[in-house]
Amino acid sequence: MHHAITLTASFSQENHGDIVFRSLQPEVSALRGGRSRTHLTRRDNTIVIEIEAADLVTLRAAQNTWSSLLRTAERVLSCQSGRRHQ
């Protein structure tokens, strides 16, 4: 792989990082193969998504996919947190 990017997301509550991490984990297997590789790790309350790709077009596509998955997980968590406080 010739190109790489790292996405990170930090959460104020550690359990939020764990929830989002567990929601993204199955996607690593589902998206395996092709021209990119993704490594997902969690460090305390921070999620790290490392993407490697054979070319820039593939890297951009993988970045868009993972950014979208991360945003979706964060929105769902935000909605759930909002309901608990009502």
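Laboratory data are not the source of any read-out in this text; all were calculated from the coordinates shown. A quick note: this is a predicted structure, and the numbers were derived from the prediction, not measured. So basically every Cβ, Gly included, is an ideal-geometry build from the backbone, and we count neighbours across all protein chains shown.
For residue 44 paired with residue 72, estimate the spin-label separation in nm (one decimal), with each label point 7 Å from Cα along the Cα-to-Cβ line.
Inter-label distance under the simple model: 3.0 nm.
Points 7 angstrom from Cα along the Cβ direction at residue 8 and residue 63: gap in nanometres?
Label at residue 8, label at residue 63, 1.7 nm between them.
At 25 °C and 0.890 mPa s, what whole-number value in µm²/s does Stokes-Einstein give for the translational diffusion of the range 3-84, with Rh from the Kirkwood sum over Cα pairs?
For these conditions, the coefficient is 187 µm²/s.
Helix-only mean residue ellipticity at 222 nm, the chain, DSSP H runs n ≥ 4 weighted -39,500 (n - 2.57), per residue, nearest 500. What is it?
Calculated from helices alone, the mean residue ellipticity at 222 nm is -19000 deg cm²/dmol.
Which value, in nm² and rounded to one decimal, describes the direction-averaged projected area of the C-alpha convex hull of the range 1-41?
In nm², the orientation-averaged hull projection of the range 1-41 is 3.2.
Exactly which trypsin sites (Lys or Arg not before Pro) in the range 1-42 are in a DSSP loop and have at most 11 other Cβ atoms within 10 Å?
32
Between beta-carbons, use under 10 Å as the cut-off and find the net charge around residue 39, counting Lys and Arg +1, Asp and Glu -1.
-1
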